[in-house]
1. Quick check, is Glu91 outside any helix (DSSP H, G or I), out of contact with any Cys (no Cβ under 7 Å at 6 or more places or on another chain) and at pLDDT below 95?
2. Over 48 Å from the mean Cα position of the chain (by Cα) and among the acidic types (Asp, Glu): does that describe Asp55?
3. Considering only the range 1-19, state which residues are in a helix (DSSP H, G or I) and open to solvent by less than 100 Å² (accessible area, probe 1.4 Å).
4. Filter the range 58-88 down to residues that are among the small types (Gly, Ala, Ser) and over 27 Å from the mean Cα position of the chain (by Cα) and give me whichever is modelled with the highest pLDDT.
Amino acid sequence: GLAELRARREELDGRIREEEAERSRLQGRIWALTERLVRTSESLARNLAARSEMDRTIAETEAAYGKIVESSQTLLDAEKEEIENAGKASEPQSTAKEKENQAKEQKHS
């Protein structure tokens, strides 16, 4: 019976060594995955901050572009009005007088 107990003990000792080796491998994988998780989390934080900065820059650029478009439209409207006024001012005086004379003639008729 003693030989049988020693054989069972040796078998159990072998299983213990295998499980200790497996535990050691798993701890190594856990350490590697933990390091990878830390690096990924840091990278994610940097990327989120960069995206936030880009979103802010895009919003500021769109606002500035909108102001430029608005100012351009205002300038264009003012230029059109100035051109119209210049066209009226350059109308020959005789034409204005002719219209006045025609109006008088119609009254006399």
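The values are calculated or read from the model by the stated rules, or taken from the named source; none is laboratory data. Remember, it's a predicted structure, so these values are computed and weren't measured experimentally. Don't worry about glycine lacking a Cβ; one is built from the backbone with ideal geometry, like all the others, and counts go over all protein chains shown. These accessible areas exclude ligands, DNA and RNA; they are computed on the full protein's heavy atoms, side chains included. Shrake-Rupley method; radii C 1.70, N 1.55, O 1.52, S 1.80 Å.
1. On the way: outside any helix (DSSP H, G or I): yes; out of contact with any Cys (no Cβ under 7 Å at 6 or more places or on another chain): yes; at pLDDT below 95: yes.
Yes: the conditions hold for Glu91.
2. On the way: over 48 Å from the mean Cα position of the chain (by Cα): no; among the acidic types (Asp, Glu): yes.
For Asp55, the condition - over 48 Å from the mean Cα position of the chain (by Cα) and among the acidic types (Asp, Glu) - is not met.
3. Within the range 1-19, Ala3, Ala7, Leu12, Asp13, Gly14, Ile16 meet the criteria.
4. Looking at the filtered set, the residue picked out is Ala78.
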